1. Could you tell me how many of the residues in region 259-290 are closer than 20 Å to His181 by Cα and touching a helix residue (DSSP H, G or I) at 6+ places or on another chain (Cβ under 8 Å)?
2. Which condition from (1) modelled with pLDDT of 90 or more; (2) in a loop (DSSP other than H, G, I, E, B); (3) closer than 30 Å to Ile271 by Cα; (4) acidic (Asp, Glu) is the one that Glu75 breaks?
3. Just name the residue that is surrounded by the fewest Cβ atoms within 10 Å (Cβ to Cβ) out of those in region 265-287 that are closer than 20 Å to Leu326 by Cβ and out of contact with any strand residue (DSSP E or B) (no Cβ under 7 Å at 6 or more places or on another chain).
4. For residues that are part of a strand (DSSP E or B) and of a type in the set (Gly, Ala, Ser), scanning just region 91-143, find the one that is surrounded by the fewest Cβ atoms within 10 Å (Cβ to Cβ).
5. Considering only region 198-229, state which residues are part of a helix (DSSP H, G or I) and either crowded, with 23+ Cβ neighbours inside 10 Å or in contact with a helix residue (DSSP H, G or I) (Cβ under 7 Å, 6 or more places away or on another chain) (or both).
6. Would you point out which residue out of Ala78, Ala54, Ala68, Ala84 is touching a Pro at 6+ places or on another chain (Cβ under 7 Å) and among the aliphatic types (A, V, I, L, M)?
Amino acid sequence: MDRILARILSRLAGATADATGPSPLVSRDEAEAMATLPASSNLDLFAIAGTVRAARAPAFFRCGIVNAKSGLCPEDCAFCAQSARHKTGVAVYPLLDDTALLNHARLAHDHGAQRFGIVTSGTALPEKDVDALCAAIERIRKEVGIGICGSLGMLTPERARRLRDAGMTRYHHNLETAESHFPRICTSHSYTQDKESILAAQDAGMETCCGGIFGLGESPLQRVEMAFTIAELNVTSIPLNLLIAVPGTRLEGQPKLRPDEALRAIALFRIVNPDRDILIAGGREHVLGAWQSWLYAAGANGLMVGDYLTASGSELENDETMLRTLGLA
């Protein structure tokens, strides 16, 4: 075992049983050393991340999402099929009505999801859509009984309070990548604006969900940078996506991550964020394939089930089989 991993394992032996709080288990320098270890250290790294998950992470959970408003987004995010600046052939439609949203929430609930995320394209929702969405949230809360999350773009303090009062309990807003890499991915808004939306949700009393995408051309050290930025924000849940290079986007030619590289990044995030939910979302089938069950050994404790925003997800029956085999269903 590499010396840096042996030192961390020794530290964990006395720290995991009764430690609490969001503090990383490693320093920034240690995390950077871990991120650049050779492939021969993979199994040891996963073993440590799995130990941290078992000792410190919340219980396993599932969530589902719905693409509630699709296409024509004015932002220029290099990976996004829904950007109006890309020609991807993605479906374009306005906000779904409350009955459609209710049916999607019920489907997620029926397949074991504890949380349901309503996701809309665009920088922020127009006011008329916020009114309709608040009514839908109230209906879902009363009729389905599932935790309601929103990913609705930029958030103001006043809008955060309205969503909270309607029954939304968690707000999702990704940073996507490290701040040092962000200008290569998006130029239509700032990294600071993304952080402000997260803080607005927290100030309104909502939990927050914030993560990013691996495979955008970032370096291993930039993954460390993002992991520590998210740790400082003290979010509840960290969704990690694996890039699907969509034809028509600026990243259509980006090489696919290797499964071991994706798993190493997940392990790194678990060790830096020991007490947070780490949810694996879009791209897991595309990147990991037969290695999906290793997500939990690498430190994840959550799974997005069903379809994603513009790509199909894993068959629900396949996920159920995998989770039963691992004793998680």
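The values are calculated or read from the model by the stated rules, or taken from the named source; none is laboratory data. Note that the structure is predicted; figures quoted are calculated from it, not measured. Virtual Cβ from ideal backbone geometry, glycine too; neighbours counted across all protein chains shown.
1. The total comes to 7.
2. Every condition holds for Glu75 apart from (3).
3. Top of the filtered list is Glu285.
4. My answer is Ala124.
5. If the condition is that a residue be part of a helix (DSSP H, G or I) and either crowded, with 23+ Cβ neighbours inside 10 Å or in contact with a helix residue (DSSP H, G or I) (Cβ under 7 Å, 6 or more places away or on another chain) (or both), then Ile198, Ala200, Ala201, Asp203, Pro220, Leu221, Arg223, Val224, Met226, Ala227, Phe228 are the ones that fit.
6. Going through Ala78, Ala54, Ala68, Ala84 in turn, the sole match is Ala84.
Condition check ((1) over 25 Å from Val224 (Cα atoms); (2) basic (Lys, Arg); (3) touching a Pro at 6+ places or on another chain (Cβ under 8 Å)) across all residues:
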residue	(1), (2), (3)
Leu25	no, no, yes
Glu30	no, no, no
Gly112	yes, no, no
Arg115	yes, yes, no
